[in-house]
Amino acid sequence: MTLRADAVLFDKDGTLFDFGATWDVWGGEMITFLAEGDAELEQAMAASARYDLAAKRFHPDSLVIAGTNREAAECLARVLPGRSLDEVEEILMRAAADAPLSQAVPLVPFLAQLAAMDLALGVMTNDTEYAARAHLQNAGVEGMFDFIAGFDSGYGAKPSPDPLLAYAISVNVDPGRCVMVGDSTHDLMAGRAAGMQTVGVLTGPAEAVELEPLADIVLPDIGGLTDWLLMR
C-alpha cells in the first residue's frame with residue numbers, strides 16, 4: 001500500500017463537523033441569548049457578525065466562519081453595551097463547548113481507518129483549544145489525535161502556516177508528506193504556505209470554485225479522503 005502522505009491535519013468546523021448544522025444553529029442562539037430580549041440589539045449583533053436572522057445562518061462573508069473566537073467576540077462586543085470584549089470572548093468559548101455537533105461523517109470508524117494506515121492525525125482550528133477538545137471528546141475521538149491546537153495554543157492562527165508547521169514538527173513528518181484538510185480558503189492557504197498537500201471539503205460555507213485554486217483535490221466531505229490517500 002503506497003500512500004500520498006504520512007500525516008493528516010484536519011480543520012475542525014466545516015471539516016470534521018458540518019458547519020451549517022452545527023454553527024448556524026449555535027450562532028442564532030448566542031445572538032438571542034446576548035440580546036436578552038432587545039430586538040434592536042439582536043439586529044445589530046446579527047449585522048455585525050453577518051448573520052441572517054431570518055434564514056438562521058451566517059452569510060458566506062462572515063468573519064465568524066474562518067476567524068478566531070476572539071474575532072467572533074469582537075464582532076458582537078463592538079455593538080454590545082455593558083460587556084467587555086474579554087467577557088464576550090469567555091461567554092462564547094464556554095458556550096461553544098456545548099454547541100450541537102453534527103459530524104460530517106461517523107468520525108470513530110473514519111479515524112480508526114486512517115490510524116490503521118499508520119497516519120499521524122491532528123486538528124488545528126481557529127476556535128479555542130478548550131472548545132476543540134470538548135467537541136472532540138464529546139464525539140469520542142479526542143484520544144485518536146496526536147496533536148490538537150486552537151488559535152490560542154501558542155502557534156498562531158490560520159492562514160498563517162506556523163501552527164501547521166508546529167504540527168509537522170510535533171509528529172516528526174516533513175511538511176511535504178502532510179495533508180491539510182479544510183473547508184475554507186484560510187485552511188488551504190495555510191497548507192500551501194506550509195508546503196503541505198491540501199484537500200478541500202464542501203461541508204462548510206465555501207463552494208468548490210473558491211477552494212479549487214488552492215486544493216490538490218476538493219471532496220464532498222472527508223469520507224473520500226481514504227481513497228485519495230491511496231496511490232493506485
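Quick look at the numbers
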item	result
The lone exception for Glu74 - which of (1) touching a residue at least 24 places away in the same chain (Cβ under 8 Å); (2) of a type outside the set (Ser, Thr, Tyr); (3) surrounded by 15 or more Cβ atoms within 10 Å (Cβ to Cβ) it fails	(1)
Answer from Ala120, Ala149, Ala166, Ala116 - the residue that is closer than 22 Å to Arg94 by Cα and aliphatic (A, V, I, L, M)	Ala149
Output for the range 1-46, where each listed residue is open to solvent by 10 Å² or more (accessible area, probe 1.4 Å), among the β-branched types (Val, Ile, Thr) and assigned to a helix (DSSP H, G or I)	Val25, Thr32
Test: Leu101 is over 22 Å from Ala77 (Cα atoms) and part of a loop (DSSP other than H, G, I, E, B)	yes
Residues satisfying the stated conditions in the range 82-101, i.e. small (Gly, Ala, Ser) and open to solvent by 50 Å² or more (accessible area, probe 1.4 Å)	Gly82, Ser84
Test: residue in the range 53-60 that is in contact with a Leu (Cβ under 7 Å, 6 or more places away or on another chain) and open to solvent by 40 Å² or more (accessible area, probe 1.4 Å)	no
Candidates Arg94, Arg70, Arg57, Arg83 - the one that is more than 22 Å from Asp13 (Cα to Cα) and at pLDDT below 95	Arg83
Residue in the range 110-139 that is farthest from Thr15 (Cα to Cα), counting only those that are open to solvent by 10 Å² or more (accessible area, probe 1.4 Å), part of a helix (DSSP H, G or I) and among the hydrophobic types (A, V, I, L, M, F, W, C)	Ala116
Pair list, Cβ < 7 Å and 6+ apart or interchain, from the range 218-232 residues that are without any contact (Cβ under 8 Å) to a residue 12 or more places away in the chain to residues that are open to solvent by 30 Å² or more (accessible area, probe 1.4 Å)	none
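The values are calculated or read from the model by the stated rules, or taken from the named source; none is laboratory data. Fair warning: this is a prediction, and the values are worked out from it, not measured in the lab. Cβ coordinates were reconstructed from backbone atoms using ideal geometry, including for glycine residues, and neighbour counts include every protein chain displayed. Accessible surface areas use protein heavy atoms only, side chains included; no ligands, DNA or RNA. Shrake-Rupley method; radii C 1.70, N 1.55, O 1.52, S 1.80 Å.
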